[in-house]
Amino acid sequence: MPTGVALRDAREQLFDAAERVLLREGPNALTSRAVTTEAGCAKGVLHRHFTDFDAFLAELVLDRIGRLGAQSAALRDAAGTGTVAGNLTGALADLFGPIAVAIVGLVISRDTLRARLRPTTPTGIPLLTEATAMFVSYLTAERELGRITPDADIDTLARTLIGAAHLLAAGQPGTAPETEAYHRVANTVITGVLHHGSA
């Protein structure tokens with residue numbers, strides 16, 4: 001088997017194992033031994049692919065951030081279709097699954113991990129910062145299409161959506177809130193900036 005394929009498989013297995021440990025036991029239980037035990041491999045496998053455990057955790061977060069690319073493109077493409085609140089609701093529900101909430105908790109709990117991620121996320125909380133940019137892009141597109149008022153403060157709207165939805169999801173560890181809860185968040189945040197018929 002080519003080295004690149006073996007490396008990718010090992011990385012995927014380790015990332016999946018880390019996410020399972022995170023969901024089951026929380027960020028404090030996440031150690032290199034816990035990850036390799038969960039993955040069913042020797043501890044040396046992790047250190048063969050990553051310089052240290054913080055490097056592994058940084059790559060885990062960057063992998064999760066990378067997955068936002070497709071979601072961001074889909075959300076932006078939805079501009080002008082359906083309703084603004086409906087599009088936001090779907091995106092918030094997709095974004096704040098249990099794993100993403102656990103990853104944010106991990107980032108918040110580890111100073112060294114945030115330091116490792118500063119080159120790619122210079123400000124804010126990694127993953128939440130990139131998610132905010134996704135909503136800024138979408139809301140900007142809706143404003144350009146005339147479905148949101150020209151004077152809408154897009155940055156504040158996006159940060160409010162992310163903050164409210166994260167608090168909602170983090171308040172129910174291990175279980176995702178009902179879609180209706182995200183719909184209430186979206187409606188409340190954007191109600192004052194919608195043109196008639198765009199809700």
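In sequence order, the range 82-88 has phi-based couplings of x, 10, 4, 4, x, 5, 5 Hz under the Karplus curve 6.51 cos²θ - 1.76 cosθ + 1.60, θ = phi - 60°, and Gly or Pro positions carry x. The phi-based Karplus calculation (6.51 cos²θ - 1.76 cosθ + 1.60; θ = phi - 60°) puts the 3J(HN,Hα) values of the range 101-110 at 5, 5, 5, 4, x, 4, 4, 5, 7, 10 Hz, whole numbers, x for Gly and Pro. Once backbone amide H atoms are built at 1.01 Å from N, ILE148 has ARG143, HIS195 as its partners under 5 Å, excluding neighbours fewer than 5 places away on the same chain. Between ASP111 and THR123, the simple spin-label model (points 7 angstrom out along Cα→Cβ) gives 2.3 nm. Length gained on full extension, ASP77 to LEU62, computed as 0.36 nm times the residue gap minus the Cα-Cα distance: 3.0 nm. Length available on full extension from THR191 to THR149: 0.36 nm per residue minus the Cα-Cα distance, which gives 14.0 nm. Could you give the distance between the Cα centres of the range 59-89 and the range 121-147, to the whole Å? Here the answer is 9 Å between Cα centres. One equal scatterer on each Cα of the chain, no solvent, Debye formula: the resulting log10 I(q)/I(0) at q = 0.09, 0.14 Å⁻¹ is -0.39, -0.82. Extension gain for the segment CYS41 to GLU25, taken as residue separation times 0.36 nm less the Cα-Cα distance, is 3.8 nm to one decimal. Between ASP155, ASP111, ASP54, the GNM of the chain built on Cα springs shorter than 10 angstrom shows ASP111 fluctuating the most. Of SER109, SER137, SER32, the residue with the greatest mean-square motion in the GNM of the chain, using alpha carbon springs below 10 Å, is SER109. Considering only PHE135, PHE96, PHE50, the mean-square fluctuation computed in a Gaussian network model of the chain, springs between alpha carbons under 10 angstrom, is largest for PHE50.
Values in this text are rule-based calculations from the coordinates and carry no lab data. Keep in mind it's a predicted model, so treat the numbers as computed, not measured. Every residue, glycine as well, gets a Cβ built from its backbone with ideal geometry; the counts of neighbours run over all protein chains shown.
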